[in-house]
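Please treat every number below as a calculation from the coordinates, not as lab data. It should be emphasised that the depicted structure is a prediction, and the values quoted were computed from it without experimental measurement. Every residue, glycine among them, receives a Cβ derived from its backbone with ideal geometry; neighbour counts consider all protein chains shown.
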Amino acid sequence: MIAQDLTESARALDGKSPEAVLEWATERFSPKIAMATAFGAEGCCLVAMLAKIGRPVRIFNLDTDYQFEETLDTRRRLIEKYGVAIESVHARQSKAEIEAAHGPDLWKRDTNLCCRIRKVEPLRETVAGSDAWISAIRRDQTPDRAQSQVVEWDAKFELVKVNPLLHWTWKNVWSYIHTNDVPYNPLHDRGYPSIGCWPCTRPVQDGEDPRAGRWNGEKKECGLHSRG
C-alpha cells in the first residue's frame, strides 16, 4: 500500500463512523488484519463492532501477567457474548525468566523497559505477517495520539494502522456501550478511566487527566502508540 494510497484512504475515511472504517479495513485486509486490545471501554466497542461485521480478524490481548482480574473477566464476557476468539499473547520470556534477567518488580525501576518486554515486542511479533492492525486510540487522549490519522502507516511495526475511534470522545464511547449493552471492565465504574497493569494503574481524582492514573504520572504511553 503506497503512501499516496494511504493518504487518499485517510482523507476519504476521515469523519466516517467507526463501523464504516472497520467495514473498509476488514474488506481490504481480512484475514491479514489484527486487533490488539487491553479491554478498555474503547476496545470493547470495537470487539462488538467487529463481531457484527463478521469478517476474520485476529483479536488478541497482550497479557503482561499483571492484568487486573476484572480485565481478565471482561475478556471472558466478551467471548461469551459475541462468540469471537480473543488470544492471550505473552512475552517470549516467562515472568520468572524476566525477573531472573532484570530483577523482581521491573515495573518499579524501569517502566519503559518493562513495557517494551511485555507489550511492545510481543505486539511486534504477533502482527508480523499481518498487513494491518486496528487500535482503539482516540485523538483526545494524548499528544502522540492527537497526531494520528484514521488510516496511516505504522513505521514502528511496519504495517498499516487503522484507528476507527480516532474522532470519538469519552461520551461517544459510553453512549455506544449503553445503547448496545456492550460488556465492559467494571473498574471504569470505580474511577479507572484508563486501565493497564495493576501495579502501574490507580484511580484518578476529580479534575485529573484521565490517564494520570497510569505509571504514577511518569508517562502517558506504553510505547505501542508513541510516535517517537
Cβ-Cβ FRET estimate between Asp189 and Gln93, R0 fixed at 30 Å, reported to 0.05: 0.30
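Counting only C-alpha contacts under 8 Å and six or more residues apart, can you give the relative contact order of the chain as a whole percent?
Taking the mean separation of contacting Cα pairs over the length of the chain, I get 24 percent.
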Proxy reagent accessibility, fewest Cβ within 10 Å first, across Thr26, Thr64: Thr26, Thr64
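Mean projection of the alpha-carbon convex hull of the chain over all orientations, in nm²?
Values: hull surface 47.8 nm².
Convex hull of Cα atoms, orientation-averaged projection: 12.0 nm².
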Computed FRET value (nearest 0.05) for Glu218 with Asn172, which takes r as the C-beta separation and R₀ as 41 Å: 0.90
Electrostatic dipole magnitude of the chain [Cβ: Lys, Arg +1; Asp, Glu -1; Cα centre; debye, to 20]: 60
Distance in nm between pseudo-label sites at Glu158 and Lys52 (7 Å out along the Cβ direction from Cα): 3.6
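Work out, in µm²/s and without decimals, the Stokes-Einstein translational diffusion coefficient of the range 111-178 at 10 °C, 1.306 mPa s, Rh from Kirkwood over C-alpha pairs.
Values: Rh = 13.3 Å.
Answer, rounded: 119 µm²/s.
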Order of Ser9, Ser88, Ser30 - criterion: other Cβ atoms within 10 Å of each residue's Cβ, fewest first: Ser88, Ser30, Ser9
Tilt relative to the chain, helix 18-29 - C-alpha long axis, 0 to 90 degrees, to 10: 80
Proximal lysines to Lys52, defined as alpha-carbon separation beneath 27 angstrom and excluding residues fewer than eight positions away on the same chain: Lys16, Lys32, Lys81, Lys161, Lys171
Cβ-based exposure ranking for Ile33, Ile177, in which fewest neighbours within 10 Å come first: Ile177, Ile33
The range 74-138: Cα Rg divided by the 2.2 N^0.38 Å rule of thumb: 1.38
